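Here's the structure, in structure tokens; my notes come after.
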């Protein structure tokens with residue numbers, strides 16, 4: 001009886017340590033998206049801007065067919081090609097935004113958590129101020145004022161991610177700075193920079209890695225929201241822009257739902273994958289912490 | 001290191017503190033964690049610092065090493081290492097001393113090892129940092145040190161993470177890290193408290209063997225008088241941030257002066273006692289370090305305390321042997337002590353008879 005119980009317990013412990021099929025499915029999807037985003041021009045796709053007007057089918061939009069897998073929009077452009085091209089800007093913006101947020105917010109957060117004192121007081125105040133703005137409103141405000149290129153839109157979204165990233169980095173750093181191994185490193189004569197880079201960062205990176213995925217999901221959604229309002233990257237195809245295109249004029253959504261549906265599906269699956277993978281990663285590392 | 005220390009004779013203190021005070025600013029007021037401590041340790045000697053939780057023994061060892069929090073600390077008094085004043089040095093100036101000259105072994109090896117770094121790397125870090133070794137040399141030395149601290153299969157252990165090792169193994173790694181750069185002064189802060197009883201003796205054995213082999217001095221902090229008995233040359237008993245009795249280990253066990261030390265000794269379980277006999281304990285709690293009692297700090301808990309104890313702090317006096325000092329108005333063996341002891345025994349006998 002007890003032997004059966006203990007073996008079952010061991011099995012669940014082992015099972016819990018694995019990331020699971022779902023996680024790898026999500027990672028697979030994300031890898032595919034990244035691949036597509038990187039190599040879109042090299043893929044055997046139809047031109048995203050070409051007009052595939054076919055007089056035999058009457059007026060576009062054309063519904064999905066063998067020729068146009070995802071159908072075409074009102075200008076008879078191939079939705080499949082455009083959706084894949086859309087991955088480029090959406091993912092680039094999401095990735096660069098969260099990278100910028102991590103570089104700036106992470107650095108400030110770790111510094112203020114480690115050194116405390118005035119750095120901590122100033123940065124905490126700045127974080128509170130940043131967090132007190134409704135972030136999407138701030139994003140709309142900023143993007144409507146500037147020239148919207150890939151870089152500037154990424155930077156605006158990156159700016160918005162500084163405060164949440166910085167707060168988490170600060171909290172995690174605070175927690176680890178109090179641990180005795182930091183004192184142990186100090187007492188063998190390690191310098192502050194050495195302690196931060198070698199002792200604290202690898203520990204802080206664990207909770208941060210899941211935030212990176214979740215944060216990227218938020219950035220992709222935010223970019224979609226901005227694009228929907230016409231406030232994302234001006235030249236170029238983004239998922240938000242495609243969704244907007246399929247729902248602008250009256251009854252487009254009703255008559256040709258595929259124009260919006262496929263970009264929505266891609267956006268949904270990508271954000272879902274990011275969230276799910278981030279979540280799994282967090283629980284995975286939590287368990288590891290507990291078994292230590 | 002330098003010529004003056006090389007010339008310094010064996011009898012001169014290797015490390016000493018004079019009137020060392022470490023106070024913390026807390027929301028309740030100033031906590032006097034270490035309140036005027038004067039101790040000396042000679043080269044190759046070990047001193048056991050014994051006391052209850054909150055007696056200031058850990059803060060004392062960290063104050064000597066200069067490993068205190070940055071904020072809210074008030075420090076006074078002097079710390080001299082090899083004749084040089086190091087008490088007023090900044091952490092930056094202490095860096096050359098840490099690791100190479102002084103090292104510390106902490107209480108809980110689980111929290112004092114970095115969970116995401118291989119233990120081998122944690123040893124080689126300081127070798128590379130201080131002795132400028134390259135990775136291959138450092139690994140070789142680390143393997144040797146692992147063998148010294150009796151870690152089986154050292155080359156395999158070097159590549160393991162702390163959670164893959166047992167508690168005793170982790171503490172051996174901690175000791176290896178402390179020994180890596182060949183320090184001359186080792187601080188061991190309750191090195192066995194987090195360990196299994198069977199492993200405790202092994203670790204203490206290892207520590208005393210290492211300091212003997214390397215002619216190091218050691219300050220061993222513990223709450224267990226039984227622990228220091230076999231492994232230290234001298235003992236300092238701390239109470240409420242002060243040293244209340246200090247003597248060579250053998251002298252202290254033979255000739256206790258301070259009723260607090262006596263009470264600590266009586267609270268060690270002994271095999272010679274009949275089984276199921278009640279273990280003696282010290283009533284009450286350690287003193288409040290923010291508002292310490294006036295007079296002798298142990299007086300409120302002391303069975304032998306009189307009015308004088310509660311009004312006037314006893315000075316540090318020397319016992320029959322010159323290296324035995326204590327702070328008590330009515331030490332063990334004094335007429336007042338004996339008078340009170342008779343009273344206590346009589347009372348104990350009557351209550352015992354009543355039951």
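Data for the structure
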{"item": "Residue A:251 vs. criteria at positive phi, surrounded by fewer than 18 Cβ atoms within 10 Å (Cβ to Cβ) and modelled with pLDDT under 85", "result": "yes"}
{"item": "Boolean, residue A:24 is without any contact (Cβ under 8 Å) to a residue 40 or more places away in the chain, in contact with a strand residue (DSSP E or B) (Cβ under 9 Å, 6 or more places away or on another chain) and more than 22 Å from residue A:223 (Cα to Cα)", "result": "no"}
{"item": "Residue among A:168, A:201 that alone is modelled with pLDDT of 90 or more, under 21 Å from residue A:101 (Cα atoms) and within 13 Å of chain B (Cβ to nearest Cβ)", "result": "A:201"}
{"item": "Subset of segment A:47-61 (residues that are free of Cβ contacts under 8 Å to residues at least 60 places away in the same chain and in a loop (DSSP other than H, G, I, E, B))", "result": "A:47, A:49, A:50, A:51, A:52, A:53, A:54, A:58, A:59, A:60"}
{"item": "All positions within segment B:144-166 that are closer than 24 Å to residue B:212 by Cβ and within 29 Å of the chain's Cα centre (by Cα)", "result": "B:144, B:145, B:146, B:147, B:148, B:149, B:150, B:151, B:152"}
{"item": "One residue from A:208, A:216 being under 24 Å from residue A:91 (Cβ atoms), within 14 Å of chain B (Cβ to nearest Cβ), part of a helix (DSSP H, G or I) and modelled with pLDDT of 85 or more", "result": "A:208"}
{"item": "Subset of segment A:176-198 [more than 8 Å from chain B (Cβ to nearest Cβ) and in contact (Cβ under 8 Å) with a residue 12 or more places away in the chain]", "result": "A:176, A:177, A:182, A:192, A:195, A:196"}
{"item": "Test set (1) in contact with a strand residue (DSSP E or B) (Cβ under 9 Å, 6 or more places away or on another chain); (2) more than 16 Å from residue B:51 (Cβ to Cβ) - residue B:236 fails condition number", "result": "(2)"}
{"item": "Subset tally (residues that are over 15 Å from residue B:178 (Cβ atoms), away from chain A (no Cβ under 14 Å) and touching a helix residue (DSSP H, G or I) at 6+ places or on another chain (Cβ under 7 Å)) for segment B:136-149", "result": "3"}
{"item": "Pairs where the first residue, in segment A:237-248, is free of Cβ contacts under 8 Å to residues at least 24 places away in the same chain and at positive phi and the second is assigned to a loop (DSSP other than H, G, I, E, B) and surrounded by fewer than 24 Cβ atoms within 10 Å (Cβ to Cβ), C-beta under 8 Å, 6+ apart", "result": "none"}
{"item": "Of all residues in segment B:61-108 being more than 16 Å from the chain's Cα centre (by Cα), surrounded by 16 or more Cβ atoms within 10 Å (Cβ to Cβ) and within 9 Å of chain A (Cβ to nearest Cβ), the one that is nearest to residue B:184 (Cα to Cα)", "result": "B:100"}
{"item": "Residue count for segment B:180-214, restricted to those that are within 18 Å of residue B:162 (Cα to Cα), over 16 Å from the mean Cα position of the chain (by Cα) and within 13 Å of chain A (Cβ to nearest Cβ)", "result": "1"}
{"item": "Tally, over segment B:109-127, of residues that are surrounded by fewer than 24 Cβ atoms within 10 Å (Cβ to Cβ) and under 22 Å from the mean Cα position of the chain (by Cα)", "result": "2"}
{"item": "Unmet criterion (only one of (1) more than 15 Å from the chain's Cα centre (by Cα); (2) within 13 Å of chain A (Cβ to nearest Cβ); (3) under 23 Å from residue B:237 (Cβ atoms)) for residue B:58", "result": "(1)"}
{"item": "Unmet criterion (only one of (1) at the interface with another protein chain (Cβ under 7 Å from one of its Cβ atoms); (2) surrounded by fewer than 24 Cβ atoms within 10 Å (Cβ to Cβ); (3) over 17 Å from residue B:181 (Cα atoms)) for residue B:130", "result": "(3)"}
{"item": "Given (1) at pLDDT below 90; (2) surrounded by fewer than 18 Cβ atoms within 10 Å (Cβ to Cβ); (3) more than 23 Å from residue B:56 (Cα to Cα); (4) within 14 Å of another protein chain (Cβ to nearest Cβ), number of the condition residue B:160 does not satisfy", "result": "(1)"}
{"item": "Residue among A:129, A:104 that is exposed (fewer than 13 other Cβ atoms within 10 Å of the Cβ), more than 14 Å from chain B (Cβ to nearest Cβ) and under 30 Å from residue A:175 (Cβ atoms)", "result": "A:129"}
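Residues are listed down the side, and each one gets a yes or a no for (1) assigned to a loop (DSSP other than H, G, I, E, B); (2) surrounded by 14 or more Cβ atoms within 10 Å (Cβ to Cβ):
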residue: B:245; (1), (2): no, yes
residue: B:262; (1), (2): no, yes
residue: B:265; (1), (2): no, yes
residue: B:271; (1), (2): yes, no
residue: B:276; (1), (2): yes, no
residue: B:279; (1), (2): yes, no
residue: B:288; (1), (2): yes, yes
residue: B:304; (1), (2): yes, yes
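The values are calculated or read from the model by the stated rules, or taken from the named source; none is laboratory data. Everything numeric here is computed off the predicted structure, so don't read it as measured data. Note that we place each Cβ from the backbone using ideal geometry, even for glycine, and neighbour counts take in every protein chain shown.
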